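One structure is given below, encoded as C-alpha cells.
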2 protein chains.
Amino acid sequence: MKDPIPESTVARLPRYLRCLSDIAVSEAKCSSEELAEAAGVNSAQIRKDFSYLGAYGTRGVGYDIADLSSQIRTVLGLTRTYPVVIVGAGNLGNALTNYGGFRAWGFEIVAVVDIDPNKVGQPVDGLTIEPMHDLVRIVDDNSIEIGIIATPASAAQTTVNRLADAGVTSILNLAPIILKAPDGVQIRRVDLSTELGILAYHRNT
Amino acid sequence: MKDPIPESTVARLPRYLRCLSDIAVSEAKCSSEELAEAAGVNSAQIRKDFSYLGAYGTRGVGYDIADLSSQIRTVLGLTRTYPVVIVGAGNLGNALTNYGGFRAWGFEIVAVVDIDPNKVGQPVDGLTIEPMHDLVRIVDDNSIEIGIIATPASAAQTTVNRLADAGVTSILNLAPIILKAPDGVQIRRVDLSTELGILAYHRNT
C-alpha cells in the first residue's frame with residue numbers, strides 16, 4: 001500500500017504532469033514558481049503537494065522535469081497502458097476517439113460501441129463501431145478497465161449499469177447529468193460548464 | 001471591486017454550484033459534509049471557501065441550497081447570459097454545440113464557425129455554420145465575449161490569435177495543445193486526460 005496522499009493533491013497531480021510536459025518542450029528544469037503559474041496554484045501548494053511524493057527541488061535550480069514527471073506517473077499509476085471503451089458514437093464519442101491527448105498518458109481507446117444499428121460497422125479513427133449488446137464480450141476480450149460515457153444524458157445511467165455489469169470499474173462521465181455509481185465502481189464527471197464558469201468570474205474581476 | 005477570493009476557491013466554486021444543483025433535485029438544504037462528499041473535497045475546505053462569500057450554514061440544518069447557489073452565481077458573474085462562439089465544426093465542435101450543460105449556466109452558443117467551405121452553410125443544432133473569414137463581424141454582431149476552440153491542435157494557436165483580433169477576451173481551449181494567450185486574453189484549457197489520470201490513481205490504491 002502507498003502512503004495516503006490527500007485527495008486534493010491527487011486531483012492536482014495530473015494537472016502538474018500536463019504542465020510539466022508543456023514546460024519540457026523548451027526546458028529541462030523548472031522552479032516551483034514556474035510550475036505554479038502554469039498550473040494556476042501557488043508555489044507553496046506545489047511544494048507541499050510534492051512533499052507527499054518525496055520530491056524536493058534543488059534550491060536555485062528547481063525540479064528536474066523528467067524525474068518529477070516520472071515520479072508523478074508512478075504515483076498515479078500511469079506507467080502502463082489502460083484499454084478504454086467509449087460508449088456512444090455520436091459527435092462527442094467520435095471526437096473523443098479522435099482526441100489526440102489520451103495516448104500519451106497510456107489511455108488507449110480500443111473499442112467504441114453504440115446502440116444504433118445504423119452506426120454499428122462504421123469506421124471511426126481506425127476502429128469499427130461495435131454493437132452495445134456485445135459489451136460484455138468486448139470488455140472481456142480487451143481486458144477493459146475504463147469506460148467513457150458519451151451517450152445522451154437520458155441513456156447515461158443505463159450505460160453505467162451495463163458497463164458495471166460487464167466488469168468496468170472506472171468510468172468517466174461526459175454526459176451532463178449526475179449518475180449513481182454501482183458498488184465498487186468509481187465515476188468521475190467532466191462538466192465543461194464549470195470551466196466556463198471560471199472564465200466568467202475572471203471577466204468580472 | 002470585489003474582495004479578492006483565492007484562485008483555488010474560485011476554481012472550486014463552479015464545482016460546488018454544479019453539485020448543489022444535483023443535490024437540489026431531491027433536497028432544499030444540504031450540510032457541508034454532504035456537499036463535501038459530492039464535490040470531492042473535505043468539509044473544512046467547503047466552510048473555508050464559503051467564508052470568502054460570507055455564506056455560513058445553520059448548525060444542524062446546513063446551507064439553503066437556493067440561497068447558496070444564488071450567492072455563488074453572483075460571485076462568479078453567472079447572473080447574465082454570455083454569448084459564445086465555437087470555432088471548429090468537426091465532431092468536437094458539433095458535440096459542444098449540442099451539449100446540454102451550457103445553457104443552464106447562462107452560456108449561449110450563438111455562432112459556430114469553420115474554415116472548411118464544405119461545412120459552411122450546414123445546420124447544427126438550430127444554427128448555421130458560418131465562415132471563419134466572417135469572424136470579426138460575427139463577434140461584433142453578437143457581442144461575443146467567449147470563444148471555444150474545437151479545432152485540430154495544429155489550427156488552435158491561429159484560432160486564438162484570430163479570436164483575440166476579433167475582440168474575444170476569454171477562451172476555452174479543448175484542443176490538446178498549450179496555447180499562448182495574447183495580451184488581455186485569458187485562456188483556460190480542458191484536458192480530458194487529466195480526469196482519466198485521477199481515475200487511474202484510484203485503480204491503484
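The values are calculated or read from the model by the stated rules, or taken from the named source; none is laboratory data. All values reported here derive from a predicted model rather than from experimental measurement. Using ideal geometry, Cβ is built from the backbone for each residue, glycine included, and neighbour counts are taken over all protein chains shown.
At-a-glance table
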{"quantity": "Scan of the stretch B:133-143 for residues that are surrounded by fewer than 22 Cβ atoms within 10 Å (Cβ to Cβ) and at negative phi, ordered by number", "calculated": "B:133, B:134, B:136, B:137, B:138, B:140, B:141, B:142"}
{"quantity": "Qualifying residue in the stretch A:100-112 (condition: more than 25 Å from residue A:164 (Cα to Cα) and either surrounded by fewer than 18 Cβ atoms within 10 Å (Cβ to Cβ) or of a type in the set (Lys, Arg) (or both))", "calculated": "yes"}
{"quantity": "Odd one out for residue A:66 among (1) at pLDDT 90 or above; (2) closer than 24 Å to residue B:189 by Cβ; (3) within 14 Å of another protein chain (Cβ to nearest Cβ); (4) not in a strand (DSSP E or B)", "calculated": "(3)"}
{"quantity": "Within the stretch A:10-32, considering residues that are of a type outside the set (Asp, Glu) and more than 10 Å from chain B (Cβ to nearest Cβ), the one nearest to residue A:44 (Cα to Cα)", "calculated": "A:32"}
{"quantity": "Selection count, the stretch A:76-97, where residues are farther than 14 Å from residue A:174 by Cα and not in a loop (DSSP other than H, G, I, E, B)", "calculated": "4"}
{"quantity": "Check on residue A:22, at pLDDT below 85 and in a helix (DSSP H, G or I)", "calculated": "yes"}
{"quantity": "Which numbered condition residue A:97 misses (of (1) buried (at least 17 other Cβ atoms within 10 Å of the Cβ); (2) within 8 Å of another protein chain (Cβ to nearest Cβ))", "calculated": "(2)"}
{"quantity": "Lone qualifier among A:135, A:92, A:127 - being over 15 Å from the mean Cα position of the chain (by Cα), at the interface with chain B (Cβ under 8 Å from one of its Cβ atoms), under 27 Å from residue B:99 (Cβ atoms) and aliphatic (A, V, I, L, M)", "calculated": "A:92"}
{"quantity": "Candidates A:169, A:151, A:159, filtered to the one that is farther than 20 Å from residue B:174 by Cα, at pLDDT 90 or above and crowded, with 22+ Cβ neighbours inside 10 Å", "calculated": "A:159"}
{"quantity": "Residues of the stretch A:87-123 satisfying the condition of being touching a helix residue (DSSP H, G or I) at 6+ places or on another chain (Cβ under 6 Å), more than 16 Å from residue B:176 (Cβ to Cβ) and either among the small types (Gly, Ala, Ser) or not assigned by TED's automatic domain parsing to the domain that holds residue A:157 (or both)", "calculated": "A:111"}
{"quantity": "Positions within the stretch A:28-53 being more than 19 Å from residue B:10 (Cβ to Cβ) and at pLDDT below 85, in sequence order", "calculated": "none"}
{"quantity": "Subset of the stretch B:25-47 [part of a helix (DSSP H, G or I) and more than 23 Å from the chain's Cα centre (by Cα)]", "calculated": "B:32, B:33, B:34, B:43, B:44, B:47"}
